[in-house]
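Single-structure report; data block below.
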Amino acid sequence: MARRIVIGSGIVVVILLVLLSLHLYSASRTTQLFGEITARVETDKPVVALTFDDGPSPRFTKDVLTILKDRNVKATFFLIGKETAENLPQARLIVDAGHEIGNHSYTHSNMAWMGLASVKDEIERTDAAIRTAGYQGEILFRPPYGKKLLTLPWYLSQHDRKTIMWDVEPDSETATPENADAMTQYVMDHAKNGSIIILHVMYRSRDVSRQALPQIIDGLRQKGFGFVTVSELLKDRKP
Ligand SMILES: [Zn+2]
């Protein structure tokens, strides 16, 4: 009896460890089971890519575009399909300004444990919305919350789609910069050649990120960095 309990609890511990490993693995920025994944591009050129997740929101898209236009910066916007369909005029503004657009799923759900049919639905409906907004280039993909495990990488690899993560995350919970100066300093300290910087600027709660954006651009320029879209950055990869 006692022996059975020991074996039983051993199995439970093993299962928990496996689940924990899968949970951690699903958030990895640099590896996945199938297909290409990029968190930073190995390059000698002093270039970085600014990327913005979520939206487009009716309220803040214009403000962000104005900041980028004033500083002559091209960026990459990973848009949510549902919000793109609901806010087509804002999506069109981003397209017309010449920025790159990526797919960030339709409903912004955690896709790590999602079935293949739902994965397909999330991706294809978002692509359709992005095309309706007039975007013509290759559409890169970024998973919501950076989470993926089996079905999502499988589907993307079967369709020759690239997964784009990030290596500098100034407004994340881990860095929690409470003001724009701290957020800017974080980027100055962490950006390298080929870095992919992620920022969230589309919602009201992200005032600090929007405030920091001009400073981040000016600061990186002062350090000698140029700004490219993610697709351009991928072409700069060292052979
Ligand atoms: Zn997101």
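May I ask you to verify whether K69 is among the charged types (D, E, K, R) and either touching a helix residue (DSSP H, G or I) at 6+ places or on another chain (Cβ under 9 Å) or within 16 Å of the ligand (Cβ to nearest atom) (or both)?
no
Filter segment 82-110 down to residues that are within 25 Å of L24 (Cα to Cα) and buried (at least 23 other Cβ atoms within 10 Å of the Cβ), then give me how many there are.
So the count comes out to 5.
Among the residues of segment 25-60, write down those that are more than 16 Å from the ligand (Cβ to nearest atom), within 25 Å of W154 (Cβ to Cβ) and over 14 Å from the mean Cα position of the chain (by Cα).
Matches in segment 25-60: Y25, T31, Q32, L33, F34, G35, E36, V41.
Looking at (1) in contact with a helix residue (DSSP H, G or I) (Cβ under 8 Å, 6 or more places away or on another chain); (2) surrounded by fewer than 18 Cβ atoms within 10 Å (Cβ to Cβ); (3) within 19 Å of K69 (Cβ to Cβ), find the lone condition where L199 falls short.
The number of the failed condition is (2).
Has segment 70-79 got at least one residue that is farther than 22 Å from L220 by Cα and touching a Ser or Thr at 6+ places or on another chain (Cβ under 8 Å)?
yes
Please enumerate the residues belonging to segment 34-52 that are in a loop (DSSP other than H, G, I, E, B) and surrounded by 14 or more Cβ atoms within 10 Å (Cβ to Cβ).
Within segment 34-52, F34, G35, E36, A39, V41, T43, K45, P46 qualify.
We did not get these values from a lab; they are worked out from the coordinates using the rules stated. Worth saying up front: this structure is predicted, and the values here are computed from it rather than measured. Every residue, glycine as well, gets a Cβ built from its backbone with ideal geometry; the counts of neighbours run over all protein chains shown.
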